[in-house]
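Single-structure report; data block below.
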Amino acid sequence: MKWIFDPTPPSGNDKGESPFGAMLEDAASKIGNMTSLFVRETIANSADQRRQDNTHPVDIFIDFISISGDVKKTFKESMDWKSLSQHVQAAMGEGQSNPTPTQINLKNSYSNMSNNEQQTLLVRVSDYNANGLVGAESSKEENFHLFCKSVFKTSSSNIRQGSFGLGKGVFYHQSGLSTVMMSSYCEIDGQNKMRVFGRSELQSHKCKDGEDERGTEECDGPGFFGIPTNSSRGHKAVSSINDPNTNLKNLFLDRDLNMGTGTSVISLAYKKETSVENTIAHFREDIKKWFWPALCSTHKPITITIRQFDNHEHDLEQDLKVKLTPEYKPFAKAFNDIEDSRDLNEIGSIASTDLTWDIPQKNKDACSDAAWDNGIPFKANGTVKMHRSDAAYETQNIKLKNNIAFLRNNLCVVKYEEINIFSEDTDSYFYGVFKGGDAKGDSIEDKKFSELLRSAEPPLHNNWDYKYKIENTYAVDKVKAFLAKINRDITNAASDLADVKEIRMSDNLEHLASLFKFGKSGTGEVSRFISDSVLDSDLNGREISVKVKVNNLRDKGLDWEIDTYFSIDGLNSLENNLILQKVDLEDESIKDKIIVNLEKKGASIKVDSSVSSFIYTIHATIPDILNNDLAERQDYKLSVVSRG
């Protein structure tokens, strides 16, 4: 296999610094950094290629391979470094007074690569149970050509995450040599075979290497690694089919064929800003940040494992399978769990709001071949779900507290948006999700809405503000305002759910808590019908009690009723929670004017209209699952609720 670079076209067109690199850097700054962008784009690309003939996930491996010594020497020989290095050197702009950022990276990576004793980092992303680089060399709508030989072009499939064909660009951008190599085990001519190819995205340069075949020193820029072949249009490289396994191993492009079809892609001389160990840690955090929906799904669309290699040495015990960790469980709870409340007045609860938008018809000839894509107007539905989490938990995601994650599928977060918090409560944080399109369901309307949301995403898929595809596809007069309303409705709904009022036992202040769960009576309105304060509390062995004073703020002449909920904070289920024993009234003289009913969850207290204020003590037993030491370390919560 050899490197072959295309000659400069007859027009003399000259390529300098790629504007795509600057665009990637700008997009990366908006979502975090280049690690975030690399993680998002590469994993989404692999997930897009999931085979449709089975229900297994795409198994993704991200490998950090440090090569040096004889292994590096063999790698360079196998990937024709002797030829590629001349083109890299020619594109470095040696002697230029103002080298571009790419040229600086090329110079540094060239120096590193030339020294076999210095470690060079390869980052390899492999997927299994994926389609692989199928298609003939010249089949412009199939995977091989789209991934290896096209720029700013993508498949027209509606099941894809992306829509611009830019995801593969991060492999080149993060390569210090602007060079990517790939292998794929995929179906070719009716049989599964190994396919190998490479591409280098250099700017225009002059180089004597390959001059005889090109007919000129001048190179257009891109070079291709494959089998040299003569064609009617000149000398070119085509992919190698069934290359010897020894050579594949030397190139770190060998694959476990028993794991199924898919692709392995290497970003050569990966640009890292810190140690390999720290880079791996950053990858892990960004994977969780953007792909927690996939990691917490019952039927996971992907699995992700990070591995580290020292040359060919690999310690299996060090493999890191990325899993959902506690700091993302509040989001996962909002994503997966069923709503248990009409509002978020109680810490630990989940509430939701359904949203609807009128989507106009598509423009003429804008429909795809999909059976559901009829182009007629429809109502798009989405759901905002919010979870109120206790701020005292050590596993809180502080960076993303009071944020809502925007989802159009169950794979990846499009963006996070901070919501307005009107309450002065500091005891809890809010974590939410918006589920629209495929994240909402699989109805025809959901599919249509998913397509609209994807069309509203810019090339890096990090918001729903991109108007150009929408205005060319849908009959919308004011596209910017149309998209702004969708985004605004979502954040407003989340903020409205987070506008809560609650009392906590530790506050010891007069205030109001309104909590109305599904299946309970009550108006659901926040009104000043009562005030209450905690006067005293006591924990004695396995017995706990709280003394409360309640004042009636209603007009006199009406009987009134309250519910008192007493529980272990953060434990929402009745199982293994406090066991209510009794309620004692401090003033025995009003005993016949107050009726107390103990239930599993709380105490219901009916009060005669002649009583405007009273003090009572609620007693409970701590469950056996907690020993005395654990009981003392728990937080306990008391809520007093007016029942209308």
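Overview of results
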read-out: Scan of region 299-322 for residues that are open to solvent by 70 Å² or more (accessible area, probe 1.4 Å) and free of Cβ contacts under 8 Å to residues at least 24 places away in the same chain, ordered by number; value: Glu313, Asp315, Leu316, Glu317, Gln318, Lys321
read-out: Exclusive hit being within 23 Å of Lys288 (Cβ to Cβ) and open to solvent by 20 Å² or more (accessible area, probe 1.4 Å), set Glu417, Glu445; value: Glu417
read-out: Lone qualifier among Ser567, Ser545, Ser612 - being touching a residue at least 60 places away in the same chain (Cβ under 8 Å), of a type in the set (Ser, Thr, Tyr) and under 23 Å from Val500 (Cα atoms); value: Ser567
read-out: Test: residue in region 564-579 that is within 48 Å of the chain's Cα centre (by Cα), of a type in the set (Asp, Glu) and more than 28 Å from Ile350 (Cα to Cα); value: no
read-out: Region 249-261 - residue that is of a type in the set (A, V, I, L, M, F, W, C) and open to solvent by 10 Å² or more (accessible area, probe 1.4 Å) and, of those, nearest to the chain's Cα centre (by Cα); value: Met259
read-out: Residue that is surrounded by the fewest Cβ atoms within 10 Å (Cβ to Cβ), among those in region 217-248 that are of a type outside the set (S, T, N, Q), at pLDDT below 85 and farther than 28 Å from Gln203 by Cβ; value: Pro244
read-out: Asp465 vs. criteria modelled with pLDDT of 75 or more, open to solvent by 30 Å² or more (accessible area, probe 1.4 Å), in contact with a Pro (Cβ under 8 Å, 6 or more places away or on another chain) and of a type in the set (Asp, Glu); value: yes
read-out: Residues that are crowded, with 24+ Cβ neighbours inside 10 Å, assigned to a strand (DSSP E or B) and either out of contact with any strand residue (DSSP E or B) (no Cβ under 9 Å at 6 or more places or on another chain) or polar (S, T, N, Q) (or both), drawn from region 177-191; value: Thr179, Ser183, Ser184
read-out: Residue match in region 124-134 (condition: out of contact with any Phe, Trp or Tyr (no Cβ under 6 Å at 6 or more places or on another chain), free of Cβ contacts under 8 Å to residues at least 12 places away in the same chain and either under 21 Å from Phe38 (Cα atoms) or exposed (fewer than 15 other Cβ atoms within 10 Å of the Cβ) (or both)); value: no
read-out: Positions within region 81-95 being farther than 11 Å from Lys107 by Cα, in a helix (DSSP H, G or I) and open to solvent by 40 Å² or more (accessible area, probe 1.4 Å), in sequence order; value: Lys82, Gln86
read-out: Selected residue (only one of Arg388, Arg342 is farther than 30 Å from Ile280 by Cβ, open to solvent by 60 Å² or more (accessible area, probe 1.4 Å) and over 15 Å from the mean Cα position of the chain (by Cα)); value: Arg342
read-out: Subset of region 193-213 (residues that are of a type in the set (Lys, Arg), in contact (Cβ under 8 Å) with a residue 60 or more places away in the chain and surrounded by 22 or more Cβ atoms within 10 Å (Cβ to Cβ)); value: Arg195
read-out: Some residue of region 71-78 being farther than 21 Å from Lys271 by Cβ, out of contact with any strand residue (DSSP E or B) (no Cβ under 7 Å at 6 or more places or on another chain) and open to solvent by less than 30 Å² (accessible area, probe 1.4 Å); value: yes
read-out: Failed condition for Ile562, given (1) open to solvent by less than 70 Å² (accessible area, probe 1.4 Å); (2) within 17 Å of Ser545 (Cα to Cα); (3) not in a loop (DSSP other than H, G, I, E, B); (4) not polar (S, T, N, Q); value: (2)
read-out: Residue, surrounded by the fewest Cβ atoms within 10 Å (Cβ to Cβ), within region 544-559, restricted to residues that are in contact with an Asp or Glu (Cβ under 9 Å, 6 or more places away or on another chain) and under 19 Å from Ser533 (Cβ atoms); value: Asn551
read-out: Residue satisfying condition, being at pLDDT 90 or above and of a type in the set (Ser, Thr, Tyr), within set Ser200, Ser155; value: Ser200
read-out: Strands (runs of 3 or more DSSP E) fully within region 209-292 counting 1 or more residues that are under 21 Å from Ile62 (Cβ atoms); value: 262-267
read-out: Members of region 262-276 that are touching a residue at least 12 places away in the same chain (Cβ under 8 Å) and either surrounded by fewer than 20 Cβ atoms within 10 Å (Cβ to Cβ) or of a type outside the set (A, V, I, L, M) (or both); value: Gly262, Thr263, Ser264, Ser267, Tyr270, Lys271, Lys272, Val276
read-out: Meets criteria (touching a Phe, Trp or Tyr at 6+ places or on another chain (Cβ under 7 Å) and of a type in the set (Val, Ile, Thr)) for Val180; value: yes
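One line per residue, one yes/no per condition, for (1) out of contact with any helix residue (DSSP H, G or I) (no Cβ under 7 Å at 6 or more places or on another chain); (2) part of a helix (DSSP H, G or I); (3) closer than 18 Å to Asp499 by Cβ:
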{"site": "Tyr328", "(1), (2), (3)": "no, yes, no"}
{"site": "Ile338", "(1), (2), (3)": "yes, no, no"}
{"site": "Thr353", "(1), (2), (3)": "no, no, yes"}
{"site": "Thr356", "(1), (2), (3)": "yes, no, no"}
{"site": "Ala370", "(1), (2), (3)": "yes, no, no"}
{"site": "Lys379", "(1), (2), (3)": "no, no, no"}
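The values are calculated or read from the model by the stated rules, or taken from the named source; none is laboratory data. This is a predicted model, so every value here is computed, not measured. Don't worry about glycine lacking a Cβ; one is built from the backbone with ideal geometry, like all the others, and counts go over all protein chains shown. Calculation scope for accessible area: heavy atoms of the full protein, side chains included, ligands and nucleic acids excluded. Shrake-Rupley method; radii C 1.70, N 1.55, O 1.52, S 1.80 Å.
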